[in-house]
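The values are calculated or read from the model by the stated rules, or taken from the named source; none is laboratory data. Please read all numbers here as calculations on a predicted model, not as lab measurements. Using ideal geometry, Cβ is built from the backbone for each residue, glycine included, and neighbour counts are taken over all protein chains shown. These area figures cover heavy atoms from the full protein model, side chains too; ligands, DNA and RNA do not enter into them. Shrake-Rupley method; radii C 1.70, N 1.55, O 1.52, S 1.80 Å.
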Amino acid sequence: MLDATLRRLIDPSLDRIGAGLGRRGIGADAVTLAGFVIGVASFPALAMQAYPAALVLILLNRVMDGLDGAVARHAGATDFGGYLDVVCDFLFYSGVVFFFAAGRPEHALPAAFLIFSFVGTGSSFLAYAIFAAKHGITTQIRGAKSLYYIGGLTEGTETIALFVAFCLFPDAFPWAAWGFGGLCWVTTAARVGAAARTFRA
């Protein structure tokens, strides 16, 4: 819901940094993988309940995630780069929830529900993108992307805000996970409805 607004605020700065990295021969795939490694480093921190360290790593991962697109715009975007970015994002999102629960097994049920809900938003997002490409439908509301980005209540910005809340208020994890998971299903339903209106004919 907030991704388009956030992109307008952060893209100019990321674009300048991305241009500099591109001139130095650093490719977007390298930035994607480096960001993913940083994100994976948050997993043991979450499992050990080292939430301040996890928070820093999570935020760094998200900065790198925005930066790889900026590099791609200057160094050259590829389909594999877009693919790699999506795969790393989805693994990172589910990993944060899983490893939070690894550190607090008593929260396994709401964590499982949240990951289940991520499957709904992720599959409805990717399936829409596949058929949008088939029909030649494009958008740049969220900037130039490798695939069609359909919006919703729970996009990347909201998900990162959730992860920040997990690290700052870990005892509130169950309520946040149940609530955000419910919003994910609202997003999924809205995307299925949009697909029905767009592709049924």
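Quick notes on this structure:
- Positive-end ranking of F118, F169, I137 along the dipole of the stretch 89-201, with charges on Cβ about the Cα centre, is headed by I137.
- The stretch 45-166 - Rg (one decimal) and Dmax (whole number), Cα, Å: 15.7, 47
- Accessible-area value, W178, 1.4 Å probe, nucleic acids and ligands omitted, Å²: 110 Å²
- Nearest-0.05 FRET efficiency for A190 and R104, computed from C-beta distance (R0 35 Å): 0.65
- Using a Förster distance of 35 Å, the FRET efficiency for F169-H135 (Cβ separation, nearest 0.05): 0.25
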